[in-house]
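Chemist: I have a structure I would like to understand better, so I am pasting it below and will then ask my questions one at a time.
The values are calculated or read from the model by the stated rules, or taken from the named source; none is laboratory data. Keep in mind the model is a prediction, meaning the values are calculated, not measured. A quick note on method: Cβ atoms are made from the backbone with ideal geometry, for glycine too, and the neighbour counts reach across all protein chains shown.
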Amino acid sequence: MNAHIASLCNAIIFITIGGWGYFESGSPTSLIPVVIGIILVLLNKGIKNQNKIISHIAVIVTILGFALLMPLMRAIEDGRTDAVLRILIMLSSTVYAMIFFVKSFIEARRK
């Protein structure tokens, strides 16, 4: 799998699960992952074309996904298992995408 596919999967997961969280809770902060996902979708063509600047921007946007750690802690404290599940899925996809970004940066550096 390439970094652009991993990033696109991450974006789709963020959009889908963020939307699910919004419709479940009604909280506008649930739309933050949706916005992150949309930005990643918009950057995906540049990642596919191996544009260094766009790829680095996409990594920064992907790192924003780790900001979900605070809502995860709050959801665990409140006992909201559905929110915990959603956040863990998004965090897992973020880690997955970051692994492929790092691998692609290492490969590009070797070339």
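Chemist: What residue, of Ala67, Ala108, Ala97, is crowded, with 20+ Cβ neighbours inside 10 Å and among the small types (Gly, Ala, Ser)?
Modeler: Ala97
Chemist: Does Ile60 satisfy the criteria of being surrounded by fewer than 13 Cβ atoms within 10 Å (Cβ to Cβ), at pLDDT below 90, hydrophobic (A, V, I, L, M, F, W, C) and closer than 25 Å to Lys45 by Cβ?
Modeler: So Ile60 does not fit the description; no.
Chemist: Here is a check on your reading of the model: is Asn44 touching a Leu at 6+ places or on another chain (Cβ under 6 Å), under 18 Å from Phe100 (Cβ atoms), in contact (Cβ under 8 Å) with a residue 40 or more places away in the chain and not basic (Lys, Arg)? Write out each step before concluding.
Modeler: On the way: touching a Leu at 6+ places or on another chain (Cβ under 6 Å): yes; under 18 Å from Phe100 (Cβ atoms): yes; in contact (Cβ under 8 Å) with a residue 40 or more places away in the chain: yes; not basic (Lys, Arg): yes.
In short, yes.
Chemist: Further question: Output yes when any residue across segment 39-47 is within 19 Å of Asn10 (Cβ to Cβ), part of a helix (DSSP H, G or I) and touching a Gly at 6+ places or on another chain (Cβ under 8 Å), and no when none is.
Modeler: no
Chemist: Let me ask something else. Any residue at all in segment 49-71 that's among the hydroxyl-bearing types (Ser, Thr, Tyr) and in contact (Cβ under 8 Å) with a residue 12 or more places away in the chain?
Modeler: yes
Chemist: Taking Gly19 as the residue in question, decide whether it is on the phi > 0 side of the Ramachandran plot, free of Cβ contacts under 8 Å to residues at least 24 places away in the same chain and not hydroxyl-bearing (Ser, Thr, Tyr).
Modeler: No: the conditions fail for Gly19.
Chemist: Return the residue satisfying two criteria in turn: it lies in segment 22-33 and is in contact with a Ser or Thr (Cβ under 9 Å, 6 or more places away or on another chain) and without any contact (Cβ under 8 Å) to a residue 40 or more places away in the chain, and of such residues it is farthest from Val61 (Cα to Cα).
Modeler: Residue satisfying both the conditions and the ranking: Phe23.
Chemist: Checking the conditions here, which among Ile99, Ile106 is at pLDDT below 90 and either among the aromatic types (Phe, Trp, Tyr) or assigned to a helix (DSSP H, G or I) (or both)?
Modeler: Answer to the selection: Ile106.
Chemist: Looking at (1) surrounded by fewer than 13 Cβ atoms within 10 Å (Cβ to Cβ); (2) closer than 22 Å to Ile5 by Cα; (3) in contact (Cβ under 8 Å) with a residue 12 or more places away in the chain, which is the one condition that is false for Asp82?
Modeler: Unmet for Asp82, out of (1) surrounded by fewer than 13 Cβ atoms within 10 Å (Cβ to Cβ); (2) closer than 22 Å to Ile5 by Cα; (3) in contact (Cβ under 8 Å) with a residue 12 or more places away in the chain: (2).
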